[in-house]
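Quick notes on the structure that follows.
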Amino acid sequence: MSTPILEVIEVYKYFKNVKAVDGISFSVNPGEFIALLGPNGAGKTTTVEMIEGIQKQNKGTINISGLNWAANESKLHQIISLSLQETRFIDKLTVNETVQLFASFYKLPRTRVDEVIEIVALQEKKKSYVENLSGGQRQKLALAIALLNKAPLLLLDEPTTGLDPTARREIWNILMSLKKSLNTSIILTTHYMEEAEYLCDRIIIMDKGKILAQGTLEELLSANNSKEIIEFATIDNISEQFFCGDGIYKLIWDENAFTGKLIVKSIIEQLPIFLQKIKENGIKLTKLECRKLTLDDLFISMTGKHLGD
Amino acid sequence: MLNRSFLQLILVQIRDFYREPAVLFWAFLFPILMAWGLGIAFNKKPEVTKTIALVINEKESTLDFEKLFKNTQYDKKLDSLNDTYYYNITYGNENLGLTHFRLKPVSWQQAELLVKRGSASLILATNEGKLEYHFDKFSAEAQLAYLQLTSLFNGENLYEQQAVIKPMTEKGTRYIDFLIPGLIAMNVMMSTMWGISYTLIEARSKKLLRRMVATPMPRWEYILSHIVTRIVLCFAEASIIFAFAYYYFDIKIEGSIFAFIILFISGIIGFSGLAVLIASRTAKTQIGNGLINLIIMPMMLLSGIYFSYHNFPDTVIPFIQALPLTMLADGIKAIFNESAGFAEVWKYIVILNAFGLITFVIGLKYYKWY
């Protein structure tokens, strides 16, 4: 395996009494596409900002191509490129002028400006003022600027948050084609499960400043691949004792909504037993659904809450 | 040699400037309107009309009052608007300037109301065959009206006076000659403080800066580009004010134009440093707003822009003279009206540049980029 482009080793970051990042370690290999997945406040942005050099960790080491921020600022500005969670540009500049400005910082020729605008498909908006762009177009512009200097490490902080499904899909398509054409490592933070699943080679699940799990989607799910889910809703409260027994891992019961998730070894074996118990106890079901475990279920079983929360 | 990114940064600001029509109004049209308005208000006033509230004692009639100024020429005129009458008395002559007094008979309550609202500065009342003057002893305008009226009632005739009055109309002695250089100086302050400080704070609060500092852009280049842009814009603004004053009020630069240009740039540099310092750590535009006002308001009032600071007590004048706006305004006035050159204004040039450089360096050192 090649040397990693990014190494994060035992990094801590505190804000007053809050442990924003609480001892995380991970590495990124060249060309790898990584998702930092977690709910709001998980510490994703703080992690990314420490990698960007905007914030300094209290403890731990961050190496980018073997360099750290303390001594290599100008070099690292060439290695890293990024799009912020919400990048603002000057309202009264056109798309072309904005990209032009950033290109001048990297001393890039004008042809590169046209190239990146084409990659993000903003050719038709070239002469529009930034203030007249939609949310999706702004993110595309931010992406175009992030692509300018062909940096080996690209950090994208929630590039699709707040976008409608069509705009999100467009950004995904751009990122997918980039993944194929470039040998760039990308770290993308998101709280959208589908985004991580669709785009990324590897997923790092974060919550409350810690890494809960990391690996490819298959790895994450295969650790739990013998698990399946029976999801149901009733009109009455039920006792959790009903659902003990062989082949049942866990019941996640919401006593306010009367909904439950039964994590089982095999639906085929457990469903008849489940239905039998329901019948014996005279419980009325309003919903019944059987499926494979997803990343969201995994997240809920690890943290007790949804990603979007 | 100017590099491309520096040129781009300047271009960005100039575009940002001219693409906002409201900014164009405030930067160019507003100073002209102000110069025009103030110039007209204080310059072309050979004749003024002053209202005097006249309260006639209940026991007396208007005839009794008319007897009191039998020595004075007056007209009794009907105010067709509200069917009341007033006495019109005129003081002065062509050389002194003319003041028309309108003595309006009103009740005591109405008279007080006229004073409170500022439409009259003096109440004239009759009391058992005598005249009473009611006015604020701190009001120069009321004092003047009092003196003029007593002189009229005593029957003094200005035409018979021995003294000769010669109106001064030479260039450099008019109010407008005092005003225009001050307005040019003030415009430098306003344009620089708002144009640099506010823009920098806004860029930070909108997180415009955060993305830029994540590139190899040299940080000093970003701030310096604001100052260079401001020099260009200030020249454009001052040229327009000057051109207007030149054609409309016949204002001329009597002294060294070269010294004026150097002093003008020094003023921009001085205020730019201060603007960078103010913007260096201010996180919100609202706070920036307050800070900028805190700095410019006292200077606007103290530095002798609209009226001379020599009316302030002697003890505070040295402090007023040490303000950057006072230095710039005094320097420009000296060049415009007193034929001054480098010999007279070099001190201002040195101090303004040093002030700008020091504040700029401190500001840059503590600058918060995100």
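The values are calculated or read from the model by the stated rules, or taken from the named source; none is laboratory data. As the structure is a computational prediction, the values presented were derived from the model and not from experiment. For neighbour counting, all protein chains shown are included, and Cβ atoms are generated from backbone atoms with ideal geometry for every residue, glycine included.
Annotations for the structure displayed:
- Filter pass, A:Lys107 being outside any helix (DSSP H, G or I), within 9 Å of chain B (Cβ to nearest Cβ), under 14 Å from B:Gln8 (Cβ atoms) and modelled with pLDDT under 95: yes
- Hits in region A:79-104 (condition: buried (at least 19 other Cβ atoms within 10 Å of the Cβ), more than 7 Å from chain B (Cβ to nearest Cβ) and among the aliphatic types (A, V, I, L, M)): A:Ile80, A:Val95, A:Val99, A:Ala103
- One residue stands out in region B:213-224 among those that are crowded, with 20+ Cβ neighbours inside 10 Å and touching a residue at least 24 places away in the same chain (Cβ under 8 Å): the one that is farthest from B:Leu183 (Cα to Cα), namely B:Met217.
- Of everything in region A:113-135 that is more than 29 Å from the chain's Cα centre (by Cα) and within 14 Å of another protein chain (Cβ to nearest Cβ), the residue that is surrounded by the fewest Cβ atoms within 10 Å (Cβ to Cβ) is A:Lys127.
- Enumeration of residues in region A:174-199 that are closer than 19 Å to A:Glu218 by Cβ and part of a helix (DSSP H, G or I): A:Met176, A:Lys179, A:Met193, A:Glu194, A:Glu195, A:Ala196, A:Glu197, A:Tyr198, A:Leu199
- Selection within region B:80-111 - touching a strand residue (DSSP E or B) at 6+ places or on another chain (Cβ under 6 Å) and modelled with pLDDT under 75: none
- Filtered residue count, region B:114-138, keeping only those that are without any contact (Cβ under 8 Å) to a residue 60 or more places away in the chain, surrounded by fewer than 18 Cβ atoms within 10 Å (Cβ to Cβ) and touching a strand residue (DSSP E or B) at 6+ places or on another chain (Cβ under 6 Å): 2
- Meets criteria (closer than 28 Å to A:Leu76 by Cα and either at pLDDT 90 or above or small (Gly, Ala, Ser) (or both)) for A:Ile145: yes
- Tabulated pairs, region A:128-142, first without any contact (Cβ under 8 Å) to a residue 12 or more places away in the chain, second crowded, with 20+ Cβ neighbours inside 10 Å, C-beta under 9 angstrom, 6+ apart or interchain: A:Asn132/A:Lys125
- Considering residues of region A:155-170 that are in contact with a helix residue (DSSP H, G or I) (Cβ under 6 Å, 6 or more places away or on another chain) and under 26 Å from A:Thr111 (Cα atoms) only, the residue surrounded by the fewest Cβ atoms within 10 Å (Cβ to Cβ): A:Leu155
- Hey, B:Leu263 over 28 Å from B:Phe6 (Cα atoms), modelled with pLDDT of 95 or more and buried (at least 19 other Cβ atoms within 10 Å of the Cβ) or not: no
- Residue, farthest from B:Met212 (Cα to Cα), within region B:352-361, restricted to residues that are out of contact with any helix residue (DSSP H, G or I) (no Cβ under 6 Å at 6 or more places or on another chain) and among the β-branched types (Val, Ile, Thr): B:Ile358
- Residue list for region B:209-225, restricted to those being over 14 Å from B:Tyr367 (Cα atoms) and out of contact with any Phe, Trp or Tyr (no Cβ under 7 Å at 6 or more places or on another chain): B:Arg211, B:Ala214
- Selection count where residues are in contact (Cβ under 8 Å) with a residue 24 or more places away in the chain and assigned to a strand (DSSP E or B), scope region A:201-217: 11
- Tally of residues being more than 16 Å from B:Tyr222 (Cβ to Cβ), more than 8 Å from chain A (Cβ to nearest Cβ) and surrounded by 15 or more Cβ atoms within 10 Å (Cβ to Cβ) across region B:1-25: 2
- Residues of region B:295-338 satisfying the condition of being of a type in the set (S, T, N, Q) and either touching a His at 6+ places or on another chain (Cβ under 9 Å) or not in a helix (DSSP H, G or I) (or both): B:Ser303, B:Ser308, B:Thr315
- Residue within region A:249-258 that is touching a His at 6+ places or on another chain (Cβ under 7 Å), under 29 Å from A:Tyr198 (Cα atoms) and either crowded, with 16+ Cβ neighbours inside 10 Å or among the charged types (D, E, K, R) (or both) present: no
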